[in-house]
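The values are calculated or read from the model by the stated rules, or taken from the named source; none is laboratory data. Values in this document were obtained by computation on a predicted structure and should not be read as measured data. Cβ placement follows ideal geometry from the backbone for every residue including glycine, while neighbour counts extend to all protein chains displayed. What goes into the accessible areas is simple: the full protein's heavy atoms, side chains included, and nothing from ligands, DNA or RNA. Shrake-Rupley method; radii C 1.70, N 1.55, O 1.52, S 1.80 Å.
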Amino acid sequence: MNRERGNNKNTNQGFPGGIGRISGRGGFGSHRGMAPVIKPKNFKGTLKRLWGYFGREKKLLFIIFTFIIIDALILLFAPYLIGKAVESMSSFSEGVDFNLLGIIVLTLLTAYVANAVLNFFQGWLMAGVAQRIVKSFRSTLFEKLQKLPVAFFDVHSHGEVMSRLSNDIENISGTVSQSTTQLMSGAITVIGSLTMMLTLSPLLTSVTLVTVPLVFALAKTIARKTRVLFKEQQAELGTLNGQIEEAISGIQIIKAFNHEEKSIQEFQEINTRLCEVGTKAQIWSGFLMPIMNVINNLGFALVASLGGILAVKGLISVGVIASFLIYSRQFTRPLNDIAGIFNNLQSAVAGAERVFEILDEKEEPLDPPEASELTNAEGEVTFQNVTFGYKEEVPILKNISFHAKAGSNIALVGPTGAGKTTIVNLITRFYDVNKGSILIDGRDIKDYSRNSLRNTFGIVLQDTYLFSGTIEENIRYGRPEADFEEIKEAARMAKADTFINRLPKGYKTMLQESGANLSQGQRQLLAIARAILSKPSILILDEATSSVDTRTELNIQQAMLNIMKDRTSFIIAHRLSTIRDADIIMVIDNGQIMEQGNHEELLKKKGVYYDMYYRQCSMGEL
């Protein structure tokens, strides 16, 4: 199926292969919404859910964890050796026991080399684990975007969605790769150091533990504040990305209306808000380590003072004091690291929560098990008392009923916002009706699988979308298995072959984003060629020739007559001269069918169509 997508702000144009949608007034809301910035609803639940992605790397995580345990044991053994080295220099009245000291120094050197090697392999393995986890996370989110209904993209700007896919996940990536091993190592070191400290001196241990509640109270206080700020920071970043994407996409309109200064002002306002909340977040998170260092140094001074008093009284040796001081540092340093990691974790959890919000969005309903495949459709379309509104309480279409015979041409005319585009949105099941039913070949479209239903349609829109790639690839998008001769034939029928052959590389010409290196009319011709190649049973043309000159339009109309032969076609048009040969012309206004019939019949009625037609005649628009 060829799903031509409008190049407007409310389409999912950033996601090739996703569900395209038909743009137009009355078709979609243009509201760009973002959820209000709030404190994470379920911090523990989000963290637990994030941890679930680690389950796919159990084997490597087990190896990393083993390395961490060995590394922690080496670090726990080192202070004990240092204490023995101190005692070897102070326990002999004749002098230093150089033999013992040499053995201890050699053992320490070996331990520290082993520590460096283990740290290298931990980092190496963890980098791979982190990137695979984030790759899986990113893939899951992108796949989810393809399964979301079109309505989701009505209220989420491109920039916001892209921010969640890139910035938020990258934030998670940094935390996963840097913090996981620190958390594991820190927990083991804290437990091991506490055990050794208790073994050496319960009294000094009790003094050291006095600082622990202060550390956690500080971490909790700062984390409570930074959690909200980091959430707000990510939300503002999404808003900024949306504004940038919009400004770049619409740069010609901005310049044409001299809105450069206004665009800069809007950017500066959002950028200033992001700067302010980012500064607050960094300041609050920056408070943590300096204050913790003060607390830890205070505890270190207390331990040293009390240890000195005990040594003077002969209750403890100098070597034990030396070992204990190092253990106390090893005990408090991981606490500081864990507190710091927990503080940084607020940013990652805020990003993860924003990603999970999308992953929890309701997908398009699955096809029922009994859904049948729509193949070789004849193209008979029936609307039976259809009522629909994008908000159910505000109906756009009101009790619409009509019957289109297979192979007939149906033209939809009427003022902007009347509901013309909404009708074709419902036929393609981009939305489901609120009331009534739509039948194709006598069966409700809900009885068909979505893929087979949408493969039945070829769609050409007023606003075209072309992907980055060659002209050949963009035309082939309508039918990937088509050979080159079929592509050329489709281009000839669409009157695109002439300008393509004039390009230096012909069909191999690379297109920029959205086909920016072609004129609007040339892009339209390629979109028509793509629709021709897809060989649809039902053709939808939404102002398909509006962007081409009059001479080209006449050529395309002749090509369209050939395409529409024996195919059911729905043509949305404002220029009534383009639809005079339609089998049925339906005049839509205020969500209702005001009149229907062929051109001659409607003129004889001298109703709404008659007024529209002669108004365009008098204005020279036909």
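A few remarks follow.
- Screening Q243, Q233 for residues that are touching a Gly at 6+ places or on another chain (Cβ under 6 Å) and at pLDDT 80 or above leaves exactly one candidate, Q233.
- Identity of the residue in the range 512-527, open to solvent by 10 Å² or more (accessible area, probe 1.4 Å) and not small (G, A, S), that ends up nearest to L554 (Cα to Cα): L525
- Within the range 582-622, considering residues that are among the acidic types (D, E) and part of a strand (DSSP E or B), the one farthest from S408 (Cα to Cα): D589
- Residues of the range 485-518 classified as assigned to a helix (DSSP H, G or I) and hydrophobic (A, V, I, L, M, F, W, C), total: 6
- In this structure, A559 does not satisfy being open to solvent by less than 50 Å² (accessible area, probe 1.4 Å), assigned to a loop (DSSP other than H, G, I, E, B) and at pLDDT below 85.
- For the range 147-172, filtering for residues that are closer than 17 Å to Q234 by Cα and either open to solvent by less than 20 Å² (accessible area, probe 1.4 Å) or part of a helix (DSSP H, G or I) (or both) leaves 16.
- Scanning the range 451-476 for residues that are open to solvent by 40 Å² or more (accessible area, probe 1.4 Å) and modelled with pLDDT of 85 or more yields a total of 4.
- Restricting attention to the range 563-581, the residues being open to solvent by less than 10 Å² (accessible area, probe 1.4 Å) and either part of a helix (DSSP H, G or I) or not aromatic (F, W, Y) (or both) number 7.
- Test: residue in the range 279-300 that is open to solvent by 60 Å² or more (accessible area, probe 1.4 Å), in contact (Cβ under 8 Å) with a residue 12 or more places away in the chain, in a helix (DSSP H, G or I) and within 23 Å of V155 (Cβ to Cβ): no
- Any hit, the range 203-216, residues being open to solvent by less than 30 Å² (accessible area, probe 1.4 Å), small (G, A, S) and either in a helix (DSSP H, G or I) or closer than 30 Å to L61 by Cα (or both): no
- Qualifying residue in the range 364-382 (condition: open to solvent by less than 30 Å² (accessible area, probe 1.4 Å), on the phi < 0 side of the Ramachandran plot, touching a Pro at 6+ places or on another chain (Cβ under 9 Å) and of a type in the set (V, I, T)): no
- Enumerated strands (runs of 3 or more DSSP E) restricted to the range 390-450, each holding at least 2 residues that are closer than 20 Å to N590 by Cα, open to solvent by less than 10 Å² (accessible area, probe 1.4 Å) and touching a helix residue (DSSP H, G or I) at 6+ places or on another chain (Cβ under 8 Å): 397-404, 409-413
- Positions within the range 261-297 being among the polar types (S, T, N, Q) and under 30 Å from Q330 (Cβ atoms), in sequence order: Q282, S285, N293, N296, N297
- Selection within the range 482-507 - open to solvent by 30 Å² or more (accessible area, probe 1.4 Å) and either over 20 Å from S534 (Cα atoms) or among the hydroxyl-bearing types (S, T, Y) (or both): T498, N501, R502, L503, P504, K505
- Filter pass, T199 being crowded, with 20+ Cβ neighbours inside 10 Å and either at pLDDT 85 or above or at negative phi (or both): no
- For the range 132-146, the candidate set comprises residues that are over 14 Å from M162 (Cα atoms) and of a type in the set (K, R); within that set, the residue that is least open to solvent (accessible area, probe 1.4 Å) is R132.
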